[in-house]
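Structure, as structure tokens:
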Amino acid sequence: MIALLSGREALAQDQATTDEKAWSYSAFVYAYILPGYEDYLQPTFTADHDWLHLEARYNYEAPETYSVWAGYNFSVGKKVTFEGTAMLGAAFGDTDGVAPGYKATLTWTKLTFYSEGEGLFDTNESSDSYFYAWSELSWARVDSFRLGLVGQRTRA
């Protein structure tokens, strides 16, 4: 898999410095080039306003499947910070289902642990239900460069 992505981290930093009463937006696209499979794009759009998180995705839960999400943003801490978003989504298209999910970031100085995940409960075929997670542990000496480890649990 090859994933081309925009600056999600830079967008998150920009969002953190904006006025909490303003809306913040992000958009990014991953390109998947898989040997033996059809290549595809996976776009995601987000909008945040204070505690409210909205998100729309395509080809994320399954090929030719859309999903829409609503969530609650929260954060705690000063020296060690935790930012989280509890979300609930609905998928429709080739796969239909309900999906609770989360995004979470724990930061201490230049060390960051990030994780996101979801459980998709397929409403047509329960055997197609699954849990997905992506986790990163990274260290950033400077804002524009991170070094770390990534773990992923996928449907495949």
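Where only DSSP H runs of four or more residues are counted, the chain gives -2000 deg cm²/dmol as its mean residue ellipticity at 222 nm, each run worth -39500 (n - 2.57). Modelled this way, with points 7 Å down the Cα-to-C-beta line, the labels at Arg153 and Ser115 are 0.9 nm from one another.
With only Lys, Arg, Asp and Glu charged, each at its Cβ (+1 for the first two, -1 for the last two), find how big the charge dipole of the stretch 13-156 is about the Cα centre; round to the nearest 20 debye.
Values: 10 positive and 20 negative charges, 180 e Å.
Roughly 860 debye for the stretch 13-156.
Charges on Cβ only, +1 for Lys and Arg, -1 for Asp and Glu, centred on the Cα centroid of the chain; of Ala70, Gly119, Ser138, which one is farthest towards the dipole's positive end? Going by the charge dipole, the pick is Ser138. Approximating the spin labels as points 7 Å out from Cα along Cα→Cβ, the Leu137-to-Ala56 distance works out to 3.8 nm.
Angle of helix 8-17 to the longest C-alpha principal axis of the chain, folded into 0 to 90 degrees and rounded to 10: 50°. Expressed as a whole percent, how much of the Cα-Cα distance distribution for the chain exceeds 21 Å? Across the chain, Cα pairs with separations above 21 Å total 49 percent. Each peptide among 142-154, 66-78, 92-104 gets the average number of other Cβ atoms lying within 10 Å of its residues, and from highest to lowest they stand as 92-104, 66-78, 142-154.
Each value in this text was obtained by applying a stated rule to the coordinates, not by laboratory testing. If you're wondering where the values come from, they're calculated on a predicted model, not measured in any experiment. A quick note on method: Cβ atoms are made from the backbone with ideal geometry, for glycine too, and the neighbour counts reach across all protein chains shown.
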